Amino acid sequence: MLTRRHVLASALAAPAILRFSTAQAAETTLKISHQFPGGTIDKGDFRDRLTRKFAAEVNKRSGGDIVAEIYPGSSLIKTNAQFSAMRKGALDMSLYPLPYAGGELPETNIGLMPGLVPTYDVGLSWKTKPVGKALTDFLADKGIVMISWVWQAGGVASRTRPLVAPEDAKGLKVRGGSREMDMVLQTAGAAVLSVPSNEIYAAMQTGACDAGITSSTSLISFRLEEVAKHLTSGAGQSYWFMLEPLMMSKAIFDKLPKNHQDIILAVGAEMEAFGKKGAQDDDVEVSKVYEKAGAKVSALDAATVGKWRDIARDTAWKDYSKRTANCASLMKLASDAAT
């Protein structure tokens, strides 16, 4: 019997391409890329499943006029290059961790600002608040259309000792996930390295990384329990929430007929409930996976999250706000959204 883990393992070894065939040639073929393991519409990493569900529903509502090809595991375009490729119109769509674009557009690091987003509901509320409009308008101006808002809480997989409170970070080599998270870790005494989540396993396996902070889903999908002895769970409380939206090239989107644009936006919005449930389910599942592998699991409490937030407020938040006028505006609007 195939388990979820078997599906993920086989998908990592052989990334799949999803094509919906129709009796007649489709008017539009969209290539959707992401870095996560491939699976099926019903099994595997929920982020891959979200793209497949999105593709199937768009195909259905368009009467076969829109066909999608899914390229998991960065099999079409390397992870860090996907955002730039969308901006240039060289890639149609990607489910992409927004802060990965921080080197290109520092404003996007608002999508992983430690301690800023306390819950899924707060993060998802951005879409209808001034911060969401400001971020959406900024991205549109840079060639990106937001299709589905997806937030994920994160935790820590570590090789040698648990990383729960800031004082635990001293002397460890840690992958944080964004420039701002790295600032917080460095203030706590850690050394940092910058790699996408699909490269954490290799970094921990070789000893280049002692601990990796990433989403609960990535902690499972990238099998980090195989190289970790400790897990800090982000279920219930977390200082690490990342925005990993489904996005589309504005150059491609603008060329579509209005009825196709409307279908894509409507289906994208409907996928957000699936994304929230998938992320929250994995916040629970990750502890079971790591306990089964023999790892010790620790939980975060409000006081510990507060310690991380205090460091972030004095370092990352201030630094980000000084980078550009747009950063300052986004930071203020995001802070307002959390109150």
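The values are calculated or read from the model by the stated rules, or taken from the named source; none is laboratory data. Because the structure is predicted, anything quoted here is derived from the model rather than measured. Methodologically, a virtual Cβ is constructed for each residue, glycine included, from the backbone with ideal geometry; neighbour enumeration extends over all protein chains shown. These accessible areas exclude ligands, DNA and RNA; they are computed on the full protein's heavy atoms, side chains included. Shrake-Rupley method; radii C 1.70, N 1.55, O 1.52, S 1.80 Å.
On the given criteria, is Pro37 open to solvent by less than 10 Å² (accessible area, probe 1.4 Å), closer than 24 Å to Trp308 by Cα and in a loop (DSSP other than H, G, I, E, B)? Answer is no for this residue. If only residues of region 64-74 that are touching a residue at least 60 places away in the same chain (Cβ under 8 Å) and either out of contact with any Gly (no Cβ under 8 Å at 6 or more places or on another chain) or among the β-branched types (Val, Ile, Thr) (or both) are counted, the one that is farthest from Ile263 (Cα to Cα) is Ser74. Only one of these conditions is not met by Ser94: (1) among the polar types (S, T, N, Q); (2) more than 20 Å from Gly275 (Cα to Cα); (3) touching a residue at least 60 places away in the same chain (Cβ under 8 Å). Which number is it? Answer for Ser94: the failing condition is (2).
Taking the criterion of being acidic (Asp, Glu), closer than 22 Å to Ser148 by Cβ and open to solvent by 10 Å² or more (accessible area, probe 1.4 Å), the only residue of region 221-258 that qualifies is Asp254. Is there a residue in region 199-217 that is closer than 24 Å to Tyr120 by Cβ and either out of contact with any strand residue (DSSP E or B) (no Cβ under 8 Å at 6 or more places or on another chain) or open to solvent by 10 Å² or more (accessible area, probe 1.4 Å) (or both)? No: zero hits.
Confirm whether Met247 is under 19 Å from Lys31 (Cα atoms) and not in a helix (DSSP H, G or I).
When the stated conditions are applied, Met247 passes them.
Does Leu185 meet the test of being modelled with pLDDT of 95 or more, open to solvent by less than 10 Å² (accessible area, probe 1.4 Å), over 27 Å from Pro72 (Cβ atoms) and out of contact with any Ser or Thr (no Cβ under 9 Å at 6 or more places or on another chain)? Criteria met by Leu185. For region 105-131, the set of residues classified as among the hydrophobic types (A, V, I, L, M, F, W, C) and surrounded by 24 or more Cβ atoms within 10 Å (Cβ to Cβ) consists of Ile110, Leu112, Met113, Leu116, Val117, Trp126, listed by residue number. Just wondering, is there one or more residues in region 259-278 that are of a type outside the set (Phe, Trp, Tyr), open to solvent by 30 Å² or more (accessible area, probe 1.4 Å), within 30 Å of Ala293 (Cβ to Cβ) and touching a Phe, Trp or Tyr at 6+ places or on another chain (Cβ under 9 Å)? Checked against the condition, which is being of a type outside the set (Phe, Trp, Tyr), open to solvent by 30 Å² or more (accessible area, probe 1.4 Å), within 30 Å of Ala293 (Cβ to Cβ) and touching a Phe, Trp or Tyr at 6+ places or on another chain (Cβ under 9 Å), region 259-278 yields at least one hit. Would you point out the residue of region 146-179, among those that are without any contact (Cβ under 8 Å) to a residue 60 or more places away in the chain and among the basic types (Lys, Arg), that is most open to solvent (accessible area, probe 1.4 Å)? That would be Lys170.
The residues of region 72-104 that are part of a loop (DSSP other than H, G, I, E, B) and surrounded by 19 or more Cβ atoms within 10 Å (Cβ to Cβ), listed by number, are Pro72, Gly73, Ser74, Leu76, Ile77, Leu91, Asp92, Tyr96, Pro97, Gly102.
Does Ser298 qualify as being surrounded by 13 or more Cβ atoms within 10 Å (Cβ to Cβ), more than 19 Å from the chain's Cα centre (by Cα), polar (S, T, N, Q) and not in a helix (DSSP H, G or I)? So that I can check it myself, show each step before the final result.
Details: surrounded by 13 or more Cβ atoms within 10 Å (Cβ to Cβ): yes; more than 19 Å from the chain's Cα centre (by Cα): yes; polar (S, T, N, Q): yes; not in a helix (DSSP H, G or I): yes.
Spelling it out, Ser298 is indeed surrounded by 13 or more Cβ atoms within 10 Å (Cβ to Cβ), more than 19 Å from the chain's Cα centre (by Cα), polar (S, T, N, Q) and not in a helix (DSSP H, G or I).
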